[in-house]
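Visitor: Dropping the structure in here first, questions after.
Values quoted throughout were computed directly from the atomic coordinates according to the rules given, and no laboratory measurement underlies them. The structure presented is a predicted model; accordingly, all values stated were derived computationally and were not measured. Every residue, glycine among them, receives a Cβ derived from its backbone with ideal geometry; neighbour counts consider all protein chains shown.
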Amino acid sequence: MYRLLIVDDEELIVHGLAQLIESSLDYEVDIHLAYSAFEALNIFNRIKIDIVLSDIRMPGMSGLALQQEINRVWPHALVIFLTGHDDFNYLHTASRNNSFNYILKTEDDNIIVETIHNAVQMLENKFEREQLVMQANAYMLEALPMLQKEWIGDLLRGEDKDAGKLDERMTELKIPLNAAFPVLLMLGRVENRELKSQDQTLHGFSLHAIVNELLSPSLQLFSCMYEHGNWIWLIQPKLAPEHNDPQFNLDSSWKLATMLISQSLEQIQAACKKYLGLKVSLLAGTIPVPFHESSQTFSRLKRIFNFEYGLHKEVLLLESQLSLSTERESDTSFQSLTGMIRRLETYLETSQREPFFLLLSKLVRSTEEHANDQIKLQTYYAIVPIFFTFLNKSLDKSSIGLNIDLGKLTQLTAHSSWEDAMEYLAKVAEAIFEYSQSNVAELELKVIATIKRYIENNLAGDLSLAKIGEVVGFNPSYLSRLYKQLSGEGLFEYITEVRLNKAKQLLRNPLLKVHEISMELGFESSAYFTKFFKRATNLTPSEYREVQD
């Protein structure tokens, strides 16, 4: 239904026109009445009017002045002037202001009705055209993200077949970046692994929205999801309209862009946690690269994100901070592969996520330095069996809900590149660690039991943190913290308690000499054992025997 407003300072004319239109049209029109231009404006401020039938000459504000206000508030409204003055100047001004039509008050009623009908038809046609355009735009907008993602994916994999037509393709796909200028890359990852797949996608878009909200006022951004839960942003400074203007300094713009990104990372992370309950990690590049080189940068940053720091949660990283740690030469020779694989297996079995990914990263770097396909092949097929060992030991058939594609796991050729293959192994490991996390309490109890059993059976042996850590596959310092956290006492205190209890038990046997007990408990000398025992009980071993007798 369309709304029609009739405006005239003569009340009889207003009501007469309303009655005429209402009785003559065979479809419904919502008619509103105003007796001055000011009253008409009040109606316009409250509701949308589609057609205005107005007198030109009215006291206080003319119909022409009213038309100007109408154009400002509702520019698509059609205005029909009804006047008793056949004055060329009025009609010229009205047409210049995009009036739909004008009618002399002396015209027949049929002309008025026909003009209103034509106005309605014009609105109908316009609506249909707009609907078609909106529908076409909607289809385009619906397909655009997929087309953008596909093209950016090709670009970042170095597979773009239209590399020479960057500017043209970016314009077609409405990517708001300048193909002639370099670009900074930033990676983001949602760390809430417990979320369902659909929720992870939704929260990924929330991360995307927060980043754009904080950075887009000052920077030009384009973003898309390159893997499930993982986003990439392509970033440029907002270039001056004329970048050959002497006032414009591109180097300064890049420095400002880098500074804004680095100072916003923590704010982005905090906003995601506060408003969405999301844990996110971000890695921002600090060196702008040409579009045709972005694939190499993306591959390197992704490897750093997945391997070097994929083991950490909620990290904030800048590329400039990584140069020393990630580009260093590996001191690991291929001959040590067997030992490294054995340690990887231990870390996997004991659910030590951090040491596992650090060692895997070191192994990947070491293999890449050889640039030898045979060595890469040997490395891949040396790592794969440790996953099968774990799967066979730890998972029943109902637990293979880890999205592990066994065909892909067992065939290096199923991956498009060595990098993709190693990324897949990292994902398999991540799935196993996530699964193990649900059984972490049981695993920790097993670790404590293993430690205690080793101590009780090796009182005369090596009870150093290094040795015990080697037995259970834990870093010595971490082992000490873990034991205290789980048992409530220090590892050294427990060793002391076991030795003391064992000493008391052995001293009750009169056939055993003190120096024999000392050796069985691992003390260097009888004197040291006596000092240890007296410090704990205020009695020497001999005095303790006398008391027991």
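Visitor: Given contacts defined as C-alpha pairs under 8 Å and at least six residues apart, what's the relative contact order of the range 442-548, whole-number percent?
Guide: Details: 75 pairs, mean separation 22.7, N = 107.
Dividing the mean separation by the residue count of the range 442-548 yields 21 percent.
Visitor: Still on this structure, please answer the following. Report the label-to-label distance for K48 and I287 in nanometres (one decimal), using points 7 Å from each Cα along the Cα→Cβ vector.
Guide: 5.4
Visitor: Another one. Is the range 442-548 best put as rounded, prolate or oblate by its Cα gyration tensor, with a ≥ b ≥ c the root eigenvalues, rounded for a/c under 1.5, and otherwise prolate when a/b is larger than b/c, oblate when not?
Guide: It comes out prolate by the Cα gyration axes.
Visitor: Shifting gears a bit: Please rank F492, F357, F181, fewest neighbouring Cβ atoms within 10 Å first, as an exposure proxy.
Guide: Values: F492 13, F357 23, F181 17.
The fewest-first ordering by Cβ neighbours comes to F492, F181, F357.
Visitor: Continuing with this model, one more query. Determine, for C272, C224, the number of other Cβ atoms within 10 Å of each Cβ, and report the residues in order from fewest to most. Before the final figure, lay out each step's value.
Guide: Numbers: C272 24, C224 19.
With the sparsest Cβ surroundings first, the list reads C224, C272.
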